[in-house]
Amino acid sequence: MERKKTCIPGVDQLIEGGIPDGDLVLLSGTCGAGKTIFGLQFLCMSDEPGIYVSFEEDIEKLKDTAAMLGWDADKLERDKGLSFLKYDPFKIEDVFDIVESNIREIKAKRVVIDSISALGIYEKDPAELRRMILQISSMLRKNSCTSIMISETMPGTLKLSRFGVEEFVSDGVILLHNFSIGGEYRRALSIWKMRSTEHSKKIHPYKITHKGFIVYPEDTVRVVK
Ligand SMILES: Nc1ncnc2c1ncn2[C@@H]1O[C@H](COP(=O)(O)OP(=O)(O)OP(=O)(O)O)[C@@H](O)[C@H]1O
Ligand SMILES: [Mg+2]
């Protein structure tokens, strides 16, 4: 089976070398966990064309974050077909057609949606939201993109996603935890599910540095309740 490297040091070892080609992975975590940095790294560190779809942060802000981590987003846009798309609420009904035509135009192989939780700002009806999430996932599959869908969870809850439907339409789920241990917060990542993959079932520490997101696959975090 062909797999796509996440380009996050330490993660590919946990999932038999990468995400199965064409699969959709949910990346779930609380605010400030590093979800956007994970998504940027997945696109900027790969040599494939890709699209970053932002529902929250402005593109300039995303490019500043990329620059802080050493990636020249403007150059990547020119050289390898990296594309940043930002959506405003009034365009929400057209958003998936626009993303799809961009995927076809640049022949994108990777897509990041940041974040699926933000759709809740634009659409209040839960049934309509579920329909939209299904629509996004089937559009990404149809175009054979290996994709990361970001979901923000509330601190202290056991939910895997904001709307409780994202994990069911995804082939994989990566969770970012923030534990309080001995008076300090410890960041850790776990693979909740990854279809067709014998993945790690452990909780591994991670760090964000000026070089980006890094996971320590040999180490584990013991959670004391
Ligand atoms: N240069 C850096 N060195 C160390 N840590 C950093 C650096 N830059 C950012 N961080 C960490 O990354 C976090 C922000 O990462 P990011 O924006 O990817 O999080 P997020 O999960 O997308 O947040 P949000 O839920 O607000 O969208 C900061 O809270 C900080 O802890
Ligand atoms: Mg973010």
Q) Here is a list of conditions, (1) under 23 Å from residue 37 (Cα atoms); (2) more than 15 Å from ligand 1 (Cβ to nearest atom); (3) hydrophobic (A, V, I, L, M, F, W, C), and residue 127 meets all of them except one; can you say which number that is? A) (1)
(Q) Testing residue 199 on (1) surrounded by 15 or more Cβ atoms within 10 Å (Cβ to Cβ); (2) within 17 Å of the chain's Cα centre (by Cα); (3) at pLDDT 95 or above, one condition comes back false. Which one is that? (A) (2)
**Q.** Which numbered condition residue 36 fails, given (1) within 24 Å of residue 195 (Cβ to Cβ); (2) modelled with pLDDT of 95 or more
**A.** (1)
**Q.** Those residues of segment 35-59 which are near ligand 1 (Cβ under 8 Å from one of its atoms) and either free of Cβ contacts under 8 Å to residues at least 40 places away in the same chain or not polar (S, T, N, Q) (or both), in sequence order
**A.** 35, 37, 38, 39, 40, 56, 57
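For segment 76-127, enumerate the residues that are of a type in the set (S, T, N, Q), farther than 20 Å from residue 60 by Cα and in a helix (DSSP H, G or I). Before the answer, list the steps.
Narrowing segment 76-127 to residues of a type in the set (S, T, N, Q): 83, 101-102, 115, 117.
Then keep just the ones that are farther than 20 Å from residue 60 by Cα; that gives 101, 117.
If the condition is that a residue be of a type in the set (S, T, N, Q), farther than 20 Å from residue 60 by Cα and in a helix (DSSP H, G or I), then 101 is the only one that fits.
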Q: Please enumerate the residues belonging to segment 150-185 that are within 16 Å of ligand 2 (Cβ to nearest atom), assigned to a strand (DSSP E or B) and modelled with pLDDT under 90.
A: 178
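Would you check which residues across segment 20-32 are within 13 Å of ligand 2 (Cβ to nearest atom) and buried (at least 24 other Cβ atoms within 10 Å of the Cβ) and list them? Steps first, answer last, please.
Taking segment 20-32 first, the residues within 13 Å of ligand 2 (Cβ to nearest atom) are 27-32.
Matches in segment 20-32: 27, 28.
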Q: Test each condition in (1) within 13 Å of ligand 1 (Cβ to nearest atom); (2) assigned to a loop (DSSP other than H, G, I, E, B); (3) over 27 Å from residue 219 (Cβ atoms) for residue 32 and report the one that comes out false.
A: (3)
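The values are calculated or read from the model by the stated rules, or taken from the named source; none is laboratory data. As the structure is a prediction and not an experimental result, all values here were calculated from the model. When we count neighbours, we look across all protein chains shown, and the Cβ atoms used for this are built from the backbone with ideal geometry, even at glycine.
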